[in-house]
1. Could you tell me the center-to-center distance, by alpha carbons, between segment 116-135 and segment 169-222 in angstrom?
2. In segment 70-189, how does Rg compare with the Kirkwood Rh, expressed as the Rg/Rh ratio over alpha carbon atoms?
3. Determine ³J(HN,Hα), in whole Hz, for all residues of segment 240-249 in sequence, where each value follows from phi through the Karplus function 6.51 cos²θ - 1.76 cosθ + 1.60 and θ = phi - 60°; x replaces Gly and Pro.
4. Using 0.36 nm per residue, how much length does the chain from Ser95 to Ser223 gain when fully extended, once their Cα-Cα distance is taken away?
5. Amide H neighbours of Leu240 under 5 Å, at least 5 residues apart or on other chains, H built in the peptide plane: list them.
Amino acid sequence: MAMNLCCPGKTALSDRQLPLVSVKTCQEQRVLTSSHCNHSVAAKRVCAGVRPVHVRAVSSSSASTSPYSATKETSYASKEFQALSSITIFSTDGSPVKFQDLWNLTNGKAVVAFLRHFGCPLCWEFAASLRDAKPKFDSAGVTLVVIGVGTPENARTMAERLPFSKEVLYADPGREAYKALDFYYGVGRTFFNPASAKVLGRFDTIRTALKDYTIDATPKDRSSVLQQGGLLVFKGTQLLFSRKDEGTGDHASLDDVLKIVS
């Protein structure tokens, strides 16, 4: 008895031994799968006014030359996208926006950056870096989405003073997206995490970003300042990259992000 090369350890069946599958209706497409090998092909029969016939399942050895097209694997949304999809955030003019409406979910790529809050000085620095990287994202066909904790008014203040594009900036006053992603929160993460030491080598970029800084961009709800951010990269609804900021100023490397989306 011959060995089955596509599934080692299993014997190949002759054509006489292949199972029969009934096609009960005309003008229908069925996926026929051999029970002896994990390969499937689509069997399609178009006819009119004839009695049901029997079609043999296609063996793996003949799959490459079969006239039937291979079935396509179904793509499922990542758990991160599912957690965010129905959440409402707000544009800088106060208009509500569903997360699932921010980019092309078929195959579009998106970089979604979460700032701590709009009054965070180190978030102004990160936003300035995102602003400078936006032309590269645009040329790669990538949608940039930047979300911060605070009101649309807080978002406008940062956008006008930094400056930053209002078209890609969104407010999450209730931290709903942050909670859904389980981003870090608390006094320890905000003020005492060792990861925050990274800012010591970035004084020049911080000073430049804060040239027109104002504390007026800070949310009135002071508990919001304890929120940490992060960054995610999606292709459609699939997650390509995810990073939680360990502490204040611990931002994702945009060079690494650009490599992922390019």
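Laboratory data are not the source of any read-out in this text; all were calculated from the coordinates shown. Treat the numbers as computed from the prediction; the structure is a model and nothing was measured.
1. The two parts, judged by their Cα centres, are 10 Å apart.
2. Details: Rg = 15.2 Å, Rh = 15.2 Å.
A ratio of 1.00.
3. In residue order, the calculated couplings are 9, 7, 8, 8, 9, 5, 6, x, 4, x Hz.
4. Numbers: separation 128, 0.36 × 128 = 46.08 nm, distance 2.41 nm.
The Ser95-Ser223 span can extend by a further 43.7 nm.
5. Close amide H contacts, sequence-distant or interchain: Val233, Phe234, Lys235.
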